[in-house]
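The structure appears below as structure tokens.
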Amino acid sequence: MRIIFTIVFFFQIFSIFSQDKGVVVDQESIGLEGVTIFFVDQNLELYSKNDGSFIIPKAIPDNSLIEIKKPGYITQIIQFKSSKNIEIKLESLHVQLDEVEIIESANQLGNTKLVSIEKKVLNDLSTSSLVENITQLSGVNWIGSGLGIQKIVVRGLSGMRVVTYLNGMRIENQQWANDHGIGFTELGLGEVELIKGSSALKYGGEAVGGLLYFKDAPFLESEKLSGFVSTKFDNSHFLSGNKFGLQWSKNNFYFNLYGQYTIATDYRLPDNTYLYNSRFRNQGIKFSASYRSEKTQHIFRYQHNAEQLGIPAHVCDPTLGDIDFSQILSNDLSLSEDYDMSVIRPLQNVSNHLFIYENNYFINNNKFSFYVGHFINNLKEYEKVTYPAFDMDLVSTQLRMNFRKKVNYFTINIGSQATSNSNKNHTVDYLIPDGTSNDIGLYSILDYEKKNLGFNVGARLDYKEVTCDSYNFQNNFSSVSSSSGLFYKHKDHVIRLTYSSAFRSPHLSELFSDGVHHGTNRYELGNSNLDIEKGRQFDIKYQWSSQHFGVILNPFLQNIKNYISINPLDSIIENNRVFEYTQFEKVTISGMEINLHYHPHFMHNLHLEQSYSIVETKNHDTNKYLALTPSNKIKTKVRVDFKQKNLELLKNISLYHIYSFEQNNVSQFELPTDSYNVVNIDVSCMLFKKIDLLIGISNLFNEEYVPHLSRIKDVPGVPGGIPNPGRSFNINLKYTF
Amino acid sequence: MKKFLYLFIMIAFLFSCSEDDNSQCIDCHIAFMLDTGVELPTDIGEFCDDDLADIEMNGYTLLEDIQNGDTTVPADFYSADMIHCEEHADHDDHDH
């Protein structure tokens, strides 16, 4: 026994002394506590101790990228060299231009300096929803109704044109319709990266409008079990949400587990009535496990998300006339009944299962990544209580490989991606027929970056085959996408130019829809003659910042050929107006995003951030605007940070204001919407060093407003549409251990 | 052991939030369309489980006329499209 103890003790001591160490200091060489040391290639993070020191985990291969970041300091990325103590000096950062700045940061989607990538940190503790958080970025909006159904719109484009990835797997969840939400929640997520427009070469040519890449929070290097329990209440929906998370690691094995349960009733309008059937319920569980050695890393992830979503503003017998207001609004709320989803209709029942296996292999300056993902999406739409009108399974399997090689100032990425999608109905009536689509893509991207200059060029070839036996249809779509970027920095001025092209082949829903879409009260007809939609985008980003003021100007222009759209026809089937998919020869989307950040010298903890987003669309075929073009907006955020000392309670107070201009640029069958102001306020505190408390008031002045992208703005008989929720307060508590 | 206890508590919490599918009985109505194009909901009583599924799937035969205000809803067969059992936005019977 003594011998065994001696051997174990020897190896323990040996392993401690064999580990590399590092220290993070500020400009005055004082150790910085709580700095995030993120091992990018290993998706692993740890935090520096009180004296700024940290121990580098075992088996980190040479040349791995490490990102060192702390709010208020300039982020640094270094390459790891073993047997060498790391000392990092972080410089103070006064002006941080939100998440849109051209800076050095580690990204999944590419080099921020060369590609239009924006990032948003996601947190389990937030007063707003996942989608609302992301829409704080300029040029990003959401379409939906209440907190239940929400999806992201990037520079006026959404649905099939904005591709969503979750931990490397493309999410296919019938995203063609505006009443189908994003399909997962913020549970366990750490960050989202966004590419606006068609620059997402590495992750598919189909992202004509943009690409969202959601990443789970990294694994934590800590043998002590860490985690949190959090709860949230929001009185606009009487929403109650509870979450937990656990993180643990030992001997290069890592494990994360998260769970969530949320219920919400119908939301309250500013006039204190309730939008009937805007209630929802959500359950989620996810876990990920990783094992790594010096050369390789295996990651397995599983996620299940189940949602029940009421579809508001419907009556039991849809007629083409005006809707009686009393049929879609309630005067009061009964908490004993209004969480119940069993007898409300229409109802969506969504169940998503996502399996991902990821393998990374490191050798010298090279990294080989391999992904296999399998996604099962089941969507049921109920009109009746006892059986669904639709019951569809969409099964998607994806394989992806990427090889990254660094040679001096060059980085080369070569890869391929293959996807198989299968849509199957389990009901006699259906909107979209059974069908399959298989595609394969090959790409190559070259980045060059040296000091103040960089460029990037890339090309991608995609081939897609769509088969639908019911219509005896088999067609192939192929096209080449490309992207190029140039970056130059001179003193405090930074400029980046990008040009990119992408294509999107028509989706099964666009080709073969033939039935009533209960979520939209429309009879939808596909068009099997649709061809590939092609987008080309120019994007210029100019940035200047001094110690206390920063500005970003970001004009863009996108031309889309053969734009696929759904348009109303002058006919009625099964008591619903008929809409048919069609194609416009040329559509232009242009605009400008401006970001300002002011940080006064006399008050370093005060931050004033403002963004302007201007979007203009034009359909050259009709000489009119595109439907659902977002209104121009000014978003302002004022935040005061309070330095934290041992017993201090207050962390920060922030005030967020949106001014939305009126939208008169409407399509042929669309109504204009009015301007509005919405103010939200958040107060963040820390109790007993362990409990985060976040209290917020949304729509502080109880403004009655209908966003131009609201799903329920054109309800017959409701002039001006149904407003968004009125004033509400929310409270969030998170206990971390 | 403590770690497994944490895990057990968390997972038990999550599964305790799951909903049981119990037997359900619901009041249904015929969406009787008046000549004016206005719908006149006419109650036909409460239906449970298999009977509920049957009426929603196959429709309902009304054996006797029903007097609904000034309108007589005639005894007839009413197809599934005209039968509605889902809840509506009227909450007048709620306790406040």
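The values are calculated or read from the model by the stated rules, or taken from the named source; none is laboratory data. Computed from a predicted model, the values in this text were never measured in an experiment. Don't worry about glycine lacking a Cβ; one is built from the backbone with ideal geometry, like all the others, and counts go over all protein chains shown. Heavy atoms of the whole protein, side chains included, go into the accessibility calculation; ligands, DNA and RNA do not. Shrake-Rupley method; radii C 1.70, N 1.55, O 1.52, S 1.80 Å.
What to note about this one:
- Shape metrics for segment A:618-737, restricted to C-alpha atoms - Rg then Dmax, Å: 19.7, 65
- When you restrict to C-alpha pairs under 8 Å that are six or more residues apart and normalise by the size of chain A, the relative contact order lands at 10 percent.
- Proximity of backbone amide H atoms, modeled 1.01 Å from N, is registered between residue A:117 and no other residue at under 5 Å, excluding neighbours fewer than 5 places apart on the same chain.
- Residues of segment A:664-692 with amide N under 20 Å of the 7 Å Cα→Cβ point at residue A:650: A:680-692
- Extension gain, residue A:353-residue A:74: 0.36 nm per intervening residue step, less the Cα-Cα distance, totals 96.6 nm.
- In order along segment B:45-58, phi translates into HN-Hα couplings of x, 9, 10, 10, 6, 5, 5, 5, 4, 5, 5, 6, 7, 10 Hz, rounded to whole numbers, per the Karplus curve 6.51 cos²θ - 1.76 cosθ + 1.60 with θ = phi - 60° and x for Gly and Pro.
- Computing FRET efficiency as 1/(1 + (r/R0)^6) for residue A:440 and residue B:43, where r is the C-beta to C-beta distance and R0 is 60 Å, gives about 0.55.
- Around the amide H of residue A:624, modelled in the peptide plane, lie the amide H atoms of A:619, all under 5 Å away and 5 or more residues distant in sequence or on another chain.
- Sites residue A:695 and residue A:657 - FRET efficiency at Förster radius 25 Å, r taken between beta-carbons, to 0.05: 0.90
- Under the Karplus curve 6.51 cos²θ - 1.76 cosθ + 1.60, θ = phi - 60°, whole-Hz ³J(HN,Hα) for segment A:339-348, x wherever Gly or Pro sits: 8, 6, 9, 6, 10, 8, 8, x, 9, 9
- Average projection, convex hull of the Cα set of segment A:134-215: 5.0 square nanometres.
- Diagonalising the gyration tensor over the Cα atoms of chain A and scaling each eigenvalue by 5 before taking the square root yields semi-axes of 41, 30, 27 Å, largest first.
- Among A:694, A:707, A:719 the positive-end extreme of the charge dipole of segment A:637-737 (Cβ point charges): A:694
- Which of A:276, A:339, A:625 is most accessible, then next, and so on - probe 1.4 Å: A:625, A:339, A:276
- Amide H within-cut-off set for residue A:517, under 5 Å, with H built and near neighbours excluded: A:522, A:523, A:524
- Summing Lys and Arg as +1 and Asp and Glu as -1 over all other residues whose Cβ lies under 12 Å from the Cβ of residue A:368 gives a net charge of +3.
- A straight chain from residue A:704 to residue A:426 at 0.36 nm per residue would run longer than the Cα-Cα distance by 95.9 nm.
- Between residue A:638 and residue A:546, the simple spin-label model (points 7 angstrom out along Cα→Cβ) gives 2.3 nm.
- Descending semi-axes in Å of segment A:500-623, equivalent ellipsoid built from Cα gyration tensor: 43, 19, 12
- Accessible area of residue A:622 in the full protein assembly, 1.4 Å probe (Å², nearest 10): 60 Å²
- Coupling constants for segment A:270-280 follow from the phi torsions by the Karplus curve (6.51 cos²θ - 1.76 cosθ + 1.60, θ = phi - 60°), and in residue order they are x, 8, 6, 9, 10, 7, 4, 6, 9, 6, 7 Hz; glycine and proline get x.
- Toward the positive end of the charge dipole of the protein assembly as shown, with +1 on the Cβ of Lys and Arg and -1 on the Cβ of Asp and Glu, the farthest Cα among A:395, A:655, A:178 is that of A:655.
- Rg over Rh for segment A:458-517 works out to 1.30, both radii taken from alpha-carbon positions and Rh defined as the Kirkwood radius.
- Heavy atoms of chains A and B lose about 3100 Å² of accessible surface on contact, summed over both sides with a 1.4 Å probe.
- Each label point was placed 7 Å from the Cα along the Cα-to-Cβ direction; for residue A:677 and residue A:295 their separation is 6.5 nm.
- Using only alpha-carbon positions in segment A:277-404, the gyration tensor eigenvalues give semi-axes of 45, 16, 12 Å once each is multiplied by 5 and square-rooted (largest first).
- Computed over segment A:203-320, the P(r) tail beyond 24 angstrom holds 53 percent of alpha carbon pairs.
- Each 5 Å bin, from zero up to the one with the longest distance, holds this percent of the alpha carbon pairs of segment A:444-545: 3, 10, 15, 13, 11, 10, 9, 8, 7, 6, 4, 1, 0.
- Hydrodynamic estimate: the Kirkwood radius of segment B:21-96 over Cα pairs, inserted into Stokes-Einstein at 10 °C and 1.306 mPa s, corresponds to D of 118 µm²/s.
- Leading residue at positive end of dipole, segment B:21-96 (Cβ point charges), from B:47, B:66, B:89: B:66
- The distance between label points at residue A:571 and residue A:91 comes to 6.7 nm (points 7 Å beyond Cα on the Cα→Cβ vector).
- Summed residue charge, Cβ within 12 Å of residue A:144's Cβ, Lys/Arg positive, Asp/Glu negative: +1
- Stretch gain in nm, segment residue A:688-residue A:586, where the contour uses 0.36 nm per residue and the Cα spacing is subtracted: 30.8 nm
- Against the main long axis of the alpha-carbon atoms of chain A, helix A:2-18 sits at an angle near 80°.
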